[in-house]
Structure formats: C-alpha cells, structure tokens
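Comments concern the structure below.
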Amino acid sequence: MMKPVAKTTAAKTNYDCFDCPGYCCSYPVIVLTKRDVTRLAKHLELDFDTTEKRYTRKDHGYKRIMRRKPDAHFARICHFFDLEERRCTIYKGRPAICREFPGTKACGYYDFLKFERVGQEDEEYISTTWHDED
Ligand code: SF4
C-alpha cells in the first residue's frame, strides 16, 4: 500500500484540512481530464489505459470520474483516500480539481463541519449524512 501523504492547507485560509475528515474527497463527482489520468498513471507507474480503466468510470455526464469505495463516515469516498489517516494517498498525482479546491479563502465543507461541531457541542463530531450515493 502506498504511504499516505498529508493534504496541505494553503497560506492565509480560513480552513484547516488536518481538522477535516475528508468531506471534499467524499464528493461523488471528482472529474478527471485526460491530463489528470496521464499524471495519475505516471504517479502510479501504470499505463494510461490501465489507470483509466482501473480508477475511473463514466458517469454523471462525464467521461471520467474517480471511482469510490465504502467509507464509515460518508458511505462512499474517493478510491485513493486513506480511511484511517483521512488523507489523500496520491497527493502528488491528484487531479487538477483536487488541487484547485476550494479555490477561495473559505471552504464550505469546513464551515459546515465547524457549525455542526458547535451545534453538537462535540469537537470530534463528524456528520455522516453528507453524500450517500454514487
Ligand atoms: S485524489 Fe486525493 S484529494 Fe482528490 S478526492 Fe481523491 S483522496 Fe481526495
């Protein structure tokens, strides 16, 4: 198994990826471009076709979205998410959409998490009702 690599948080943001269980990685539609598959294939030391077939599928009107797997918190999550460490295992080979997210100083998922933790009076609280289908 690949060694998990920590997600990072860009400077001067209002969120902390290390304090999040991976909401963004549970999003059902992680779109991959041809360039993303090429990068991922190189990272995994596989050929393009094998990578595309093994780790992506056609759905939601897109040619390629990331395959997912079962997760105790969100029902389903990205195939490359480490379920114990709650981190991306292909950080250097991740798709552009993951590199760009959230694209602003704030993260809606993180705001939701903080809101829920205050409301539940539980700093460890994780909502399990985010996405539940593929
Ligand atoms: S590739 Fe990495 S950052 Fe992107 S959704 Fe999957 S686990 Fe998360």
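Just a few scattered comments:
- Filtered residues of the range 36-56 (kept if open to solvent by 40 Å² or more (accessible area, probe 1.4 Å) and within 20 Å of Gly22 (Cβ to Cβ)): His43
- Members of the range 106-128 found to be within 18 Å of the chain's Cα centre (by Cα) and open to solvent by 60 Å² or more (accessible area, probe 1.4 Å), listed by number: Asp111, Thr128
- Positions within the range 67-102 being in a loop (DSSP other than H, G, I, E, B) and not hydrophobic (A, V, I, L, M, F, W, C), in sequence order: Arg67, His73, His79, Glu84, Glu85, Arg86, Thr89, Arg94, Pro95, Pro102
- Meets criteria (within 15 Å of Pro21 (Cα to Cα), at pLDDT 95 or above, under 12 Å from the mean Cα position of the chain (by Cα) and within 14 Å of the ligand (Cβ to nearest atom)) for Ile90: no
- Members of the range 36-53 that are more than 14 Å from the ligand (Cβ to nearest atom) and either within 18 Å of the chain's Cα centre (by Cα) or of a type in the set (A, V, I, L, M, F, W, C) (or both): Leu46, Phe48, Glu52
- Index of the failed condition, Arg64 passing every other in (1) part of a helix (DSSP H, G or I); (2) within 13 Å of the ligand (Cβ to nearest atom); (3) open to solvent by less than 50 Å² (accessible area, probe 1.4 Å); (4) farther than 30 Å from Glu123 by Cα: (1)
- Selection from the range 85-105 of residues that are open to solvent by 60 Å² or more (accessible area, probe 1.4 Å) and free of Cβ contacts under 8 Å to residues at least 60 places away in the same chain: Arg99, Glu100, Gly103, Thr104
- Screening Phe112 with (1) in contact (Cβ under 8 Å) with a residue 24 or more places away in the chain; (2) on the phi > 0 side of the Ramachandran plot; (3) more than 16 Å from the ligand (Cβ to nearest atom) gives one miss only, at (2).
- Residue list for the range 72-84, restricted to those being away from the ligand (no atom under 11 Å from the Cβ) and either of a type in the set (Val, Ile, Thr) or open to solvent by less than 30 Å² (accessible area, probe 1.4 Å) (or both): Phe74
The values are calculated or read from the model by the stated rules, or taken from the named source; none is laboratory data. As the structure is a prediction and not an experimental result, all values here were calculated from the model. Cβ: placed from backbone, ideal geometry, glycine included. Neighbour counts: every protein chain shown. Side chains included, ligands, DNA and RNA excluded: accessible areas come from the protein's heavy atoms. Shrake-Rupley method; radii C 1.70, N 1.55, O 1.52, S 1.80 Å.
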